[in-house]
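Trainee: Quick one: structure below, then a few questions.
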Amino acid sequence: MFRRSVPLLCLCVFSLISSVNAVPIAKNVIIMISDGCGWNHITATDYYQYGSTGNQVYESYPVIYGTSTYSYGNSYNPTSAWTSFDYVMSGATDSAASATAMATGEKTLDAAIGMDANSVSLKSILEYAKDLGKSIGVVTSVPLSHATPAGFAAHNVDRYNYEQISSYMINDSAFDVIMGTGNPWYDANGVLLPTAVGYQYVGGQATWDNLVSGTAGGTNPWALIQTRSDFQALGIATTTPIRVIGVPQVFDTLQQLRGGNANADPYVVPLTTTVPTLAEMTRASINVLDNNPNGFAIMIEGGAIDFASHSNQSGRMIEEEIDFNGAVDAVNTWVNANSNWDETLVIVTADHETGYVTGPGSDPTWIPIVNNGAGNMPGFEWHQLGHSNSLVRTFAKGPGSEILDIYATNVDPVRGNYIDNTDIFRSMYRGITKVGPVAAKEAVNLAPIKVIGGIVTAAFDSYFYIESDDRRCGIRVDKACHGVSIGNRADIDGSVKTLPSGERTILATKVISHGTGSVEPLFLSNNQIGGEDWFYDSGSGAGQMGITGARGMNNVGLLVRTFGKITSKQAPYFWLDDGSGVKDYTVGKTGMKILQTYGVLPAVGNYVCVTGISMIYKGGTNYYRLIKLRNANDLVILQ
């Protein structure tokens with residue numbers, strides 16, 4: 001009875017598992033950054049706009065978390081943040097380090113642009129997207145080579161090397177759209193000047209002259225637009241240039257640095273009407289990028305929330321946040337009309353908080369923002385001119401957003417579970433790629449690979465195994481002193497190789513244990529262990545070879561469980577038979593081979609349940625199935 005019932009049960013479970021669908025891949029990724037926007041910036045703006053909170057479109061996104069933003073060498077202590085009012089007034093990141101963290105997944109030093117703490121260039125999410133054939137762009141309401149767009153588009157040791165950064169972006173990068181201020185011939189009010197005020201934000205005078213003449217950008221030159229009507233027309237055009245650089249007719253910011261009383265309530269000083277809104281720039285940029293059938297990736301920044309907050313300009317901060325919210329509305333409208341949420345990932349976040357905004361009368365306690373009704377200035381106060389180390393908010397929707405649930409393991413006593421800004425990169429990277437064991441197994445030998453969030457199912461001295469969340473694939477990872485444990489999630493950089501045994505592995509150069517996860521073992525009969533070839537190509541090594549003569553889904557690298565009677569043993573192995581017809585012809589044994597590297601082997605004749613990693617080994621010219629047990633809990637004697 002035992003021998004006949006187990007294979008039938010396993011077949012049913014196996015069929016169920018093999019029907020799991022793949023995680024959707026994002027065709028498009030849109031990250032929107034409200035520079036300097038903290039928790040209370042959003043609340044204050046909500047009160048001014050609507051008289052209540054929760055009305056912004058992103059406030060209804062399915063994934064919402066607080067987010068730590070500190071730079072390399074710093075930290076965030078949630079307990080200290082709410083027991084000492086002054087705690088968050090030190091240890092804050094700058095925009096360059098935070099942009100780099102979000103763009104690359106790596107913490108770095110303040111002022112570093114697209115480089116790690118050792119000044120080594122890091123690949124940004126937009127550059128990864130370009131490798132996948134997508135169009136890419138950056139858009140901002142401040143100078144185009146400022147820290148946030150630069151962190152996604154360039155590599156430089158110092159954010160203040162504006163001319164070097166903008167020259168690289170325009171002359172050397174593979175970007176398809178760049179939009180931001182810094183027009184050398186206009187002042188902060190959009191007034192034409194008799195002489196240029198400076199070319200540092202547009203790559204120097206020679207680069208600007210080439211942009212104006214239409215020759216900048218080499219064999220694929222940029223189309224330059226400057227007037228507001230140009231931006232508006234591009235947003236609805238049926239035919240667009242291949243590459244567009246938009247530099248509105250203003251030098252510093254779209255609106256925040258215009259003249260008049262900078263401390264007045266919102267819109268008391270009329271807006272400059274000759275420059276586009278961030279929403280108009282957003283529509284124009286997406287209308288260019290979405291021509292690519294492979295999709296696009298773009299960073300859109302409301303940069304002057306930070307500018308206004310540095311000067312504690314309450315009215316202009318709200319103006320800038322409203323302008324940013326309009327851009328988010330434009331993105332959501334585009335997704336609903338021209339795409340869908342199964343193929344487009346949108347993340348709305350901030351790089352840090354600026355000004356330490358609280359309700360009036362705060363310190364030493366925290367008083368809420370005062371709601372004075374829509375159209376009236378809410379009650380709040382500023383506590384500094386610089387950045388704070390407070391948590392900011394992240395809102396996400398679309399493929400890849402679900403990974404943020406995995407990484408939200410830190411807990412703040414007031415804000416709840418929170419992520420780190422490096423997790424935003426993980427979300428975007430996971431959104432546009434398969435990223436996990438599937439991608440690794442599909443890669444050719446020695447191809448570089450990056451894995452995000454693989455669940456660790458087994459950990460041995462010099463290697464470990466990971467699986468994808470959908471249970472479709474597992475793979476070995478070789479790394480001495482890897483430091484991971486079962487149940488961890490691992491981010492891995494390395495290259496892929498086929499071992500002499502026939503098993504594929506990632507030769508890891510970097511392993512980061514981050515977050516937690518778990519999987520249940522796959523119940524299989526003996527003859528289902530291993531499975532057939534999986535997209536295997538002997539020339540390139542891509543795919544995973546299967547067991548000689550086997551059929552069914554390849555499960556090499558997965559955590560599996562099976563039953564049977566022990567037919568023989570020879571340390572450190574024993575052989576298990578469930579009646580499904582498996583034989584080990586290398587040694588003439590009935591049943592399948594089990595590797596146990598600890599303790600005393602079970603007795604021949606025992607019925608046992610084993611859990612372990614499905615492996616493969618070579619015997620002569622054939623490949624055979626093998627299960628390696630992880631620890632004493634993996635062997636259960638049934639009788």
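The values are calculated or read from the model by the stated rules, or taken from the named source; none is laboratory data. Because the structure is predicted, anything quoted here is derived from the model rather than measured. Neighbour counts are summed over all protein chains in view; Cβ atoms, including those assigned to glycine, are modelled from backbone coordinates with ideal geometry. Side chains included, ligands, DNA and RNA excluded: accessible areas come from the protein's heavy atoms. Shrake-Rupley method; radii C 1.70, N 1.55, O 1.52, S 1.80 Å.
Trainee: Go through segment 254-297 and give me each residue that's over 27 Å from the mean Cα position of the chain (by Cα) and within 18 Å of residue 229 (Cα to Cα).
Mentor: Within segment 254-297, 254, 255, 271, 272, 273, 274, 275, 276, 277 meet the criteria.
Trainee: Going residue by residue through segment 486-504, is there one that turns out to be farther than 17 Å from residue 616 by Cα and basic (Lys, Arg)?
Mentor: Checked against the condition, which is being farther than 17 Å from residue 616 by Cα and basic (Lys, Arg), segment 486-504 yields at least one hit.
Trainee: Go over the candidates 433, 422, 409 one by one and state the one that is at pLDDT 95 or above and among the hydroxyl-bearing types (Ser, Thr, Tyr).
Mentor: Only one candidate qualifies: 422.
Trainee: Is it the case that residue 583 is at pLDDT below 95, open to solvent by 20 Å² or more (accessible area, probe 1.4 Å) and under 13 Å from residue 626 (Cα atoms)?
Mentor: So residue 583 passes the test.
Trainee: Do you know which residues across segment 330-376 are in contact with a Gly (Cβ under 7 Å, 6 or more places away or on another chain), open to solvent by 10 Å² or more (accessible area, probe 1.4 Å) and more than 28 Å from residue 70 (Cβ to Cβ)?
Mentor: 341, 370, 371, 372, 373, 374
Trainee: Can you tell me which residues in segment 55-101 are assigned to a loop (DSSP other than H, G, I, E, B), over 17 Å from residue 38 (Cβ atoms) and of a type in the set (Gly, Ala, Ser)?
Mentor: 73, 75, 84
Trainee: Can you spot a residue in segment 179-201 that is assigned to a helix (DSSP H, G or I), out of contact with any strand residue (DSSP E or B) (no Cβ under 7 Å at 6 or more places or on another chain) and surrounded by 24 or more Cβ atoms within 10 Å (Cβ to Cβ)?
Mentor: No, that holds for no residue.
Trainee: Something else about it: Starting from segment 538-556, keep only residues that are free of Cβ contacts under 8 Å to residues at least 60 places away in the same chain and more than 23 Å from residue 458 (Cα to Cα), then list their pairs with residues that are assigned to a loop (DSSP other than H, G, I, E, B) and open to solvent by 10 Å² or more (accessible area, probe 1.4 Å) whose Cβ atoms are within a distance under 6 Å, requiring at least 6 positions of separation or different chains.
Mentor: Cβ pairs passing all conditions: 551/532.
Trainee: Of these, 626, 601, which one is out of contact with any helix residue (DSSP H, G or I) (no Cβ under 7 Å at 6 or more places or on another chain), surrounded by 15 or more Cβ atoms within 10 Å (Cβ to Cβ), at pLDDT 95 or above and assigned to a loop (DSSP other than H, G, I, E, B)?
Mentor: On the way: 626 fails: assigned to a loop (DSSP other than H, G, I, E, B).
Answer to the selection: 601.
Trainee: Right, residue 82: open to solvent by less than 50 Å² (accessible area, probe 1.4 Å) and at pLDDT 95 or above or not?
Mentor: For residue 82, the condition - open to solvent by less than 50 Å² (accessible area, probe 1.4 Å) and at pLDDT 95 or above - is not met.
Trainee: State which residue pairs qualify: first residue free of Cβ contacts under 8 Å to residues at least 60 places away in the same chain and inside segment 488-507, second residue of a type in the set (Asp, Glu) and in a strand (DSSP E or B) in any location, beta carbons under 7 Å apart, and separation of 6 or more residues or different chains.
Mentor: Matching pairs, first to second residue: 505/478; 507/478.
Trainee: Now for a different question. Any residue in segment 208-219 that is part of a loop (DSSP other than H, G, I, E, B) and crowded, with 19+ Cβ neighbours inside 10 Å?
Mentor: Looking for residues that are part of a loop (DSSP other than H, G, I, E, B) and crowded, with 19+ Cβ neighbours inside 10 Å, one finds at least one in segment 208-219, hence yes.
Trainee: Now a separate question. Yes or no: residue 129 more than 18 Å from residue 203 (Cα to Cα), in contact with a Gly (Cβ under 9 Å, 6 or more places away or on another chain) and not polar (S, T, N, Q)?
Mentor: Considered against the rule, which asks whether it is more than 18 Å from residue 203 (Cα to Cα), in contact with a Gly (Cβ under 9 Å, 6 or more places away or on another chain) and not polar (S, T, N, Q), residue 129 comes out as yes.
Trainee: Of all residues in segment 161-176, count the ones that are more than 26 Å from the chain's Cα centre (by Cα) and open to solvent by 40 Å² or more (accessible area, probe 1.4 Å).
Mentor: 4
Trainee: Which of the following residues is touching a residue at least 12 places away in the same chain (Cβ under 8 Å) and in contact with a helix residue (DSSP H, G or I) (Cβ under 9 Å, 6 or more places away or on another chain): 577, 584?
Mentor: 577
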